[in-house]
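To keep things clear, I will list the structure first and then write my remarks on it.
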Amino acid sequence: MELFIVYITAANLIGFVLMGADKKRAVRGAWRISEASLFLTAFLGGALGCTLGMRYFRHKTKHWYFKYGMPAIFIAEALGALFLYSRLYQTL
């Protein structure tokens, strides 16, 4: 369980940092982080970090698929985690 918490924390921190880095690159006109990479980070457990980074840095908020997609991924991950947690402790 501790390893899972460390993984989720790291994934969300990475998602938050990626949003900030992409915003900084967008402002400078530099090479950007692909949207696929941002969504992959979210799907791998970093949806909360990506969503918070999106709001904090005001980045990608005009794109509907980010505005609604990132929170939807987070809700799905949270429900999945609750389901797995309840199944795990129901069998013990």
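The values are calculated or read from the model by the stated rules, or taken from the named source; none is laboratory data. These figures come from a predicted structure and were not determined experimentally. Please note: Cβ atoms are built from the backbone with ideal geometry, for glycine as well, and neighbour counts cover all protein chains shown. Quick note on the areas: whole protein, heavy atoms, side chains included, nothing else; ligands and nucleic acids left out. Shrake-Rupley method; radii C 1.70, N 1.55, O 1.52, S 1.80 Å.
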Handout entry: Condition check for VAL27: on the phi < 0 side of the Ramachandran plot, open to solvent by 90 Å² or more (accessible area, probe 1.4 Å) and either part of a helix (DSSP H, G or I) or touching a strand residue (DSSP E or B) at 6+ places or on another chain (Cβ under 9 Å) (or both)
Key = yes
Exercise for the section: For the range 46-67, state whether one or more residues are of a type in the set (D, E, K, R), part of a loop (DSSP other than H, G, I, E, B) and either surrounded by fewer than 13 Cβ atoms within 10 Å (Cβ to Cβ) or touching a residue at least 60 places away in the same chain (Cβ under 8 Å) (or both). Expected result: yes
Fill in the blank from the handout: Sole miss for ILE8 among (1) in a helix (DSSP H, G or I); (2) loosely packed, with under 12 Cβ neighbours inside 10 Å is condition (2)
Exercise for the section: Hey, can you tell me all the residues within the range 36-45 that are of a type in the set (A, V, I, L, M, F, W, C) and either in contact (Cβ under 8 Å) with a residue 60 or more places away in the chain or surrounded by fewer than 16 Cβ atoms within 10 Å (Cβ to Cβ) (or both)? Expected result: ALA36, LEU40, PHE43, LEU44
Exercise for the section: Collect the residues in the range 68-87 that are open to solvent by 90 Å² or more (accessible area, probe 1.4 Å) and either of a type in the set (S, T, N, Q) or assigned to a helix (DSSP H, G or I) (or both), keeping them in residue-number order. Expected result: ILE75, LEU79, LEU82, PHE83, LEU84, TYR85, ARG87
Practice task
Give me a count of the residues in the range 30-45 that are in contact with an Asp or Glu (Cβ under 8 Å, 6 or more places away or on another chain), assigned to a helix (DSSP H, G or I) and of a type in the set (A, V, I, L, M, F, W, C).
Solution key: 1
